[in-house]
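What follows is calculated from the coordinates using simple rules that are stated; it is not laboratory data. All values reported here derive from a predicted model rather than from experimental measurement. Cβ sites come from the backbone with ideal geometry, for glycine too, and all protein chains shown count toward neighbours.
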Amino acid sequence: MRLKVLGLAGSPRRQGNTELLLDQVLAGAASKGAQTEKVILSRMEIAPCKACDTCFETGRCVQQDDYQLLYPKLIKAERIILAAPLFFTGVPAQAKAFIDRCQCFWARKYVLKKPLPPTDTGLERQGFLISTAGGPKISFRCAVRAVKAFLDTLDAQYGGELSFPGVDEKGAILNHPTALEEAFVLGKNMGSGEKS
Ligand SMILES: Cc1cc2nc3c(=O)[nH]c(=O)nc-3n(C[C@H](O)[C@H](O)[C@H](O)COP(=O)(O)O)c2cc1C
């Protein structure tokens, strides 16, 4: 049974810094035999959560848009990576809308007390943040907190982040001395089922 690694590209900028890093992580995971999938959140129609609370009764989101395609993928994946740059110290709207829609997982866990089924491999779920930011001394704390809260709804352990400040222009990450290699190694560790 192959380990499933789900990469969520959360920047509106295609082939930008975080997506380039995500590609490396997924390549590293694939090199260890993992089944990888990349989802471009900005290409999907994911409306914001309406706080209708229907999920408090059903555990599912009532809004019929592309989030419904992600729901089963989130349940199946053993490893989840959110790749998102800092926008105003948090994550971009596309990534935040996705995170907010995971309120249905929050409801399932904390209101309905209905645990997720185990993964196919039996491995625990684990998640990571990949991020870049233009500011040379910026803190990634706000984004990390949001991602940890999102992962908690899936009972996924936080495996850590790979974050690079001082990276602004599209493709600037390619000039970083170690970032791409670090991302590839993170993916390799993920793909081999090692816990970070
Ligand atoms: C709307 C917007 C808000 C941003 N806010 C911040 C910020 O608060 N702090 C920061 O250091 N960089 C900020 N940036 C810069 C991006 O984080 C940076 O360019 C990043 O490398 C972009 O990654 P990407 O190429 O994957 O989109 C912002 C960029 C945009 C477009």
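Hey, got a sec? Which trypsin sites (Lys or Arg not before Pro) in region 155-196 land in a DSSP loop and have at most 16 other Cβ atoms within 10 Å?
Passing sites in region 155-196 are K170, K195.
Quick one: length gained pulling E169 to D53 fully straight, 0.36 nm per residue minus the C-alpha distance?
Taking E169 through D53 to full extension adds about 37.8 nm, to one decimal.
Would you compute, from DSSP H runs of 4+ residues alone, the mean residue ellipticity of the chain at 222 nm, taking -39500 (n - 2.57) per run and dividing by the full residue count, rounded to the nearest 500?
-10000 deg cm²/dmol
Given points 7 Å out from each Cα along the Cα-Cβ axis, report the R43 to D65 separation in nanometres with one decimal.
Each label point is offset 7 Å from its Cα along the Cβ direction, giving 1.8 nm.
With a cut-off of 8 Å between alpha carbons and a minimum separation of six or more residues, what is the relative contact order of region 4-191 in percent?
In percent, rounded to a whole number, it is 32.
Three principal axis extents, largest first, for the C-alpha atoms of the chain, in Å?
Taking the Cα atoms of the chain, the three principal extents are 50, 38, 26 Å.
Extent of region 129-192 along each principal axis, from alpha carbon coordinates, in Å, largest to smallest?
Computed over the Cα atoms, the extents are 36, 29, 16 Å.
If packing is taken as the mean number of other Cβ atoms within 10 Å per residue, what is the order of 41-47, 91-97, highest first?
91-97, 41-47
Suppose the chain between K113 and I75 were pulled fully straight at 0.36 nm per residue; how much longer would it get relative to their current alpha carbon spacing?
So the chain would gain 12.1 nm between K113 and I75.
Could you check the spin-label model distance between E124 and M1? Points 7 Å from the Cα along Cα→Cβ, value in nm.
Computed distance between label sites E124 and M1 equals 1.7 nm.
Roughly how many Å is it from the Cα centre of region 125-183 to that of region 33-69, as a whole number?
22 Å
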